[in-house]
Amino acid sequence: MGILDFLSGQFIDVIHWVDDSRDTMVWRFERYGHEIKYGAKLTVREGQAAVFVHEGQLADVFTPGLYMLETNNMPVMTSLQHWDHGFRSPFKSEIYFVNTTRMTGLKWGTKNPIMCRDPEFGPVRLRAFGTYSVRVADPARFLSEIVGTDGEFTSDEISFQIRNIIVQEFSRLIAGSGIPVLDMAANTQDLGRMLADGISATIADYGLSLPELYIENISLPAAVEKAMDKRTSMGVLGNLDAYTKFQAAEALGAEGSAAGQAMGTGFGAGLGMSMGAQMSGQAQAGPWGARPSAPPPPPPPPVEHVWHLAENGQTSGPFSKARLGRMVTEGGLTRQTHVWTQGQDGWKRAEDVAELAQLFTVMPPPPPGS
């Protein structure tokens, strides 16, 4: 082997990159001294782009395909090197492979609650989270703006910045949308589309695009959600009075069932106690064997009504019956005055109400000498 053959074998003949990771966005082709043989083969696969950097300057960008590194397909490099068609020496350049496929399953979320004004509930605090995907749309811009000289750049290194951009735009969008909190679940698709459009310009400055963005959930504070759950439960129950009676009946049924079980299991002991009680009762009974009955409970006190008066289109009250009696004496209540109390069917004249009619019959006669 001659010395020229040996030297030519030291330079790279085939340049390519096979990515076996899921998060690598940029990978630099490593070669000692960055010496690349003129005429070498460059393979750029689908979902990739190759960017040449020569002496610190961005040179050529290669899209998917197979290339022979010669002057006819390297116009920028040729102008930088001042090559002619007969040049065959190796050149020194850095080659960066850029992954242009979608990076999916990236997560975003609000670290702190977002304050906004809801048209129904007033000021509320909201949290939200979701997923998004990102891809490199402009490899040269992405390399110059974000990556720099990093030999291996992953999606984790840019996801934090993208999350901040998403949260900032989401806060602005929610605060100005005017959509009620209860209706946001039905509008997450439109909100996600508006959110992606709002940050597309900022992402484009990095050489990136956002193919998709999803809002998975928008939530309220735990205390507010608990109050809403109670409100929902009240709506499901409907008539609270009927529900309370039903609950009481259920409780009585449960107690009766428990009592029946207890009587069944302690039947012998219960029978003995019953017989003892009967014998004791017979000893305390009267001469004819009749046991004295307990006195009946006193009747409940009568319900005291309060009354409202209506005169000349104006109402007054409430007044007690005693106060109405004094008003009869003072002339403030006559037989023709309309009165109403709870449970009465509409307004009636005072003389037509039995409870008040007696106020007019018990009036004393005029004093002597009047």
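For this structure, a couple of remarks:
- Look at (1) modelled with pLDDT of 90 or more; (2) outside any helix (DSSP H, G or I); (3) closer than 23 Å to Cys116 by Cβ and you find that Val167 fails only one, number (2).
- Residue among Ile179, Ile174, Ile165, Ile146 that is in contact with a Cys (Cβ under 6 Å, 6 or more places away or on another chain) and β-branched (Val, Ile, Thr): Ile174
- The listed residue being touching a Leu at 6+ places or on another chain (Cβ under 6 Å), over 23 Å from Ala49 (Cβ atoms) and buried (at least 17 other Cβ atoms within 10 Å of the Cβ), out of Ile166, Ile215: Ile215
- Residue pairs whose Cβ atoms lie under 8 Å apart, separated by 6 or more positions or on different chains, with the first residue in region 216-235 and more than 21 Å from Ile179 (Cα to Cα) and the second exposed (fewer than 13 other Cβ atoms within 10 Å of the Cβ), are Met234/Leu240.
The values are calculated or read from the model by the stated rules, or taken from the named source; none is laboratory data. Everything numeric in this text was worked out from a predicted model, so none of it was measured. Backbone-built Cβ (ideal geometry, glycine too); neighbour counts: all protein chains shown.
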